[in-house]
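Report on the following structure.
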Amino acid sequence: MARDRFAPDFDPDCGDALLSSARHDIVIGRWQGLRDLLRTTGADWLSRGHRIRLLAQACAGSTTVESWLAAEPRSADALALRAATETSRAFTMAIAAGRGTPIDRDRIDAAVLACLQATEAWADDPTPWISLISVARLYPSGVRRQELACWWDELHRRDPYSVEGHLQVLHYYSARWHGTHGLMYDFARDAAGVAPPGCALPVLVQYARVEEYRYALDGAKGQHSAMGLGQHWDHDGAVSDVRRTWQRWITGRGDTIVAPGELRDLNYLTHAACQAGAADIAAALMRMLGRRATRTPWSYTGDPEKQFTKWRRELGLRG
């Protein structure tokens with residue numbers, strides 16, 4: 001009998017079955033499933049952030065969240081989702097316009113206003129602050145330093161170890177947006193340095209390395225040979241970063257199940273370990289992942305499915 005061929009599972013919801021069900025409701029224009037999902041999620045900030053981010057991407061092309069708000073205008077969950085949805089719509093416009101082409105400022109302002117309204121609906125909720133920091137980078141010159149610092153303080157006060165929140169600041173500080181490679185790496189390392197054992201924040205350094213790679217790739221217009229990044233992934237510093245993140249995050253988190261909200265983070269560390277040639281760590285991480293994969297960051301260095309499968313095979317993993 002032939003052995004089943006391994007195939008990674010790129011479930012866009014990262015194995016969150018309740019989220020998948022709610023996203024189906026969006027397709028048929030039914031908002032009640034979204035309300036029930038977010039009500040059940042409550043103050044589990046990791047799950048709430050993951051679910052709102054993916055629900056917003058699905059809601060961006062529909063009027064489902066507007067229908068919910070029309071029925072329940074004071075719902076904190078609906079307002080938080082509307083803020084994330086307006087943010088997603090603004091980024092969709094920016095992508096369509098092309099890098100370096102500013103979009104209608106009124107669209108950005110509307111997203112910011114939606115975020116600020118959501119922050120007032122549930123004082124403890126960090127998710128509108130994440131959306132606010134995210135959309136801020138769409139302003140051609142960013143926002144005033146004091147304003148960004150204020151928004152960051154509000155987020156940090158509510159969820160000091162939010163990877164998604166830190167990631168939005170990291171993007172803002174990147175050379176592709178309103179900062180430099182140095183500023184981005186400093187922010188990532190500072191956050192990693194104060195993270196308690198088992199916290200995922202050290203993986204920000206791996207996100208920063210991917211961000212630097214994307215910047216160089218954009219500059220070289222896709223010509224890898226012209227990039228001068230032959231050792232981008234596997235120089236001594238990159239390898240040390242992988243081992244440091246493994247030590248601080250993975251060895252400190254115990255044998256707990258990988259939650260849907262941290263699956264992308266684990267894929268970033270696994271990708272980095274593979275590229276760095278840290279076979280011992282890469283194999284252990286691949287075992288943790290099993291078939292569960294996210295398209296990024298694998299898609300930045302080739303075909304995601306081929307890469308994921310190739311690395312498993314080279315690491316000697318079966319099935």
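When region 30-63 is limited to residues that are basic (Lys, Arg) and assigned to a helix (DSSP H, G or I), the one that is least open to solvent (accessible area, probe 1.4 Å) turns out to be 48. Taking the numbered list (1) touching a helix residue (DSSP H, G or I) at 6+ places or on another chain (Cβ under 6 Å); (2) not in a helix (DSSP H, G or I) in turn, residue 5 passes all entries but (1).
Scanning region 87-132 for residues that are farther than 18 Å from residue 150 by Cα, of a type in the set (D, E, K, R) and in contact (Cβ under 8 Å) with a residue 40 or more places away in the chain turns up just one, 99.
All of (1) open to solvent by 10 Å² or more (accessible area, probe 1.4 Å); (2) among the acidic types (Asp, Glu); (3) farther than 22 Å from residue 15 by Cβ hold for residue 211 with one exception: (1). On the given criteria, is residue 9 charged (D, E, K, R), within 24 Å of the chain's Cα centre (by Cα) and at pLDDT 95 or above? Yes, satisfied.
Restricting the search to region 13-29, which residues are outside any helix (DSSP H, G or I) and modelled with pLDDT of 95 or more? Outline the logic, then answer.
The initial filter retains those residues of region 13-29 that are outside any helix (DSSP H, G or I), namely 13-16, 28-29.
Within region 13-29, 13, 14, 15, 16 meet the criteria.
Every residue in region 64-74 that is polar (S, T, N, Q) and open to solvent by less than 20 Å² (accessible area, probe 1.4 Å), please.
Looking only at region 64-74, we keep the residues that are polar (S, T, N, Q), and these are 64, 67.
If the condition is that a residue be polar (S, T, N, Q) and open to solvent by less than 20 Å² (accessible area, probe 1.4 Å), then 64 is the only one that fits.
Taken as a whole, the condition of being closer than 22 Å to residue 155 by Cβ, surrounded by 12 or more Cβ atoms within 10 Å (Cβ to Cβ), hydrophobic (A, V, I, L, M, F, W, C) and out of contact with any Ser or Thr (no Cβ under 6 Å at 6 or more places or on another chain) does not apply to residue 22. Scanning region 1-52 for residues that are aliphatic (A, V, I, L, M) and touching a residue at least 40 places away in the same chain (Cβ under 8 Å) yields a total of 7.
So which residues in region 43-59 are within 17 Å of residue 32 (Cα to Cα) and of a type outside the set (Val, Ile, Thr)? I'd like the intermediate steps shown before the answer.
Here is the first cut: in region 43-59, the residues within 17 Å of residue 32 (Cα to Cα) are 48, 51-52, 54-56, 58-59.
Across region 43-59, the qualifying residues are 48, 51, 54, 55, 56, 58, 59.
Checking the condition of a type in the set (Asp, Glu) and over 22 Å from the mean Cα position of the chain (by Cα), which residue from 72, 86 passes? After applying the criteria, what remains is 72.
Conditions (1) under 14 Å from residue 129 (Cβ atoms); (2) in contact (Cβ under 8 Å) with a residue 12 or more places away in the chain; (3) of a type in the set (S, T, N, Q), marked per residue:
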site: 150; (1), (2), (3): yes, no, no
site: 165; (1), (2), (3): yes, yes, no
site: 181; (1), (2), (3): no, yes, no
site: 192; (1), (2), (3): no, yes, no
site: 202; (1), (2), (3): no, yes, no
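Which of the helices (runs of 4 or more DSSP H) found entirely inside region 233-302 contain at least 1 residues meeting this: within 19 Å of residue 7 (Cβ to Cβ), in contact (Cβ under 8 Å) with a residue 12 or more places away in the chain and open to solvent by less than 60 Å² (accessible area, probe 1.4 Å)? I'd like the intermediate steps shown before the answer.
On the way: elements: 236-245, 263-276, 279-289, 295-298.
Correct list: 263-276, 279-289, 295-298.
The values are calculated or read from the model by the stated rules, or taken from the named source; none is laboratory data. Predicted, not measured: the structure shown is a model, and the values here were computed from it. For neighbour counting, all protein chains shown are included, and Cβ atoms are generated from backbone atoms with ideal geometry for every residue, glycine included. With ligands, DNA and RNA removed, areas are computed over all heavy atoms of the protein, side chains included. Shrake-Rupley method; radii C 1.70, N 1.55, O 1.52, S 1.80 Å.
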